[in-house]
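Right, one structure below, let's go through it.
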Amino acid sequence: MVVFLANRANLQSKRLHDRIQQRLSADCDNVRRRRAEPREAGPYRVVGDVNPRQFLGDDDYPVTAARVEIGFQLRTSDPYEHYWINWIEPDRSLLVGWHQDDTHHDLGPVHLQVNDGSTVVAHERAQFIDTHPLDVVEQRIKSLQDAIRAVNWEGERPIGFDTSSSLFE
C-alpha cells in the first residue's frame, strides 16, 4: 500500500496531473496529459487508452476499446478538491465515473454517474475519500472494475446501476 503524506495545500495542478499520468501508465496505453476543453472544469485531464477485455479479465466483454480520463481542480470554493474519474467507451457511448464537484448536492460531495452519450442515466451517492488526490486515484482505479460491472443494461443501452453492488454499501 502506498501512503501519501504530502501537504495538499501545496499541490500544483500540472505536477499532480503529471504524477497521475505516471500512475495511469501501469493500467493504460498511450497515456497523455492534455489541457481541459472549455466545457470541462479544471485545467488538465490525463487520458489513457485501455483494452476493456484485458482490464476486466473478460474475453467476452462487448467492446475492445475504452479510455480512462482523470482530472482534478485543486482550488475550489469547497473545502476539498473537485475531480472527475471516468471510464469511457466510445463505441457504446458509455461513460461511468466518479465526480466530486459542486453538482448534485443532494447526493453529497461525490457521486457515481452513468451516461448514455451525453444523457445522464443515473447518479448514485458514492463514498467521500478525504485524502491526497493520488490516493483517491489509486482507490478509484481499484474500484473501477466494480463500477463498470455495476451498470445495468437494457438491450444495448445503460439504464442505471445495480445498487446491491458492494460499491453502494
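Tell me the label-point distance for the pair ASP78, ASP130, using the 7 Å Cα-to-Cβ offset, in nm and rounded to one decimal.
1.3
If you take the Cα atoms of the stretch 8-150, find Rg, then find the Kirkwood Rh from the mean of 1/r over all pairs, what is Rg/Rh?
Values: Rg = 14.5 Å, Rh = 15.5 Å.
Here the Rg-to-Rh quotient is 0.94.
In a Debye calculation with equal point scatterers on the alpha-carbon sites of the stretch 6-81 and no solvent, what is log10 I(q)/I(0) at q = 0.12, 0.20 Å⁻¹?
Cα-only, vacuum Debye calculation for the stretch 6-81: -0.41, -0.87.
Which loop trypsin sites (Lys or Arg not before Pro) in the stretch 66-97, with loop taken from DSSP, have no more than 12 other Cβ atoms within 10 angstrom of their Cβ? Each step should come with its number before you reach the end.
Working: sites: ARG67, ARG75, ARG92; in loops: ARG75.
Of the trypsin sites (Lys or Arg not before Pro), the ones in loops of the stretch 66-97 whose Cβ has at most 12 other Cβ atoms within 10 Å are ARG75.
Any chance you could run the full-extension gain for ARG32 through SER164? It's 0.36 nm times the residue separation minus the Cα-Cα distance, nm to one decimal.
Computed gain between ARG32 and SER164 is 44.0 nm.
Specify the angular offset, from 0 to 90 degrees and rounded to the nearest 10, of the alpha carbon long axis of helix 13-24 from the longest principal axis of the alpha carbons in the chain.
Approximately 40 degrees, to the nearest 10.
Please determine, in degrees from 0 to 90 and to the nearest 10, the orientation of helix 133-149 with respect to the longest principal axis defined by the Cα atoms of the chain, where the helix direction is its Cα long axis.
Here the helix axis deviates by roughly 10 degrees.
Any read-out appearing in this document is the output of simple, stated calculations on the displayed coordinates, not a laboratory observation. No experiment lies behind these values; they were computed from the predicted model shown. As a convention, Cβ positions derive from the backbone with ideal geometry for all residues, glycine included, and neighbour counts pool all protein chains shown.
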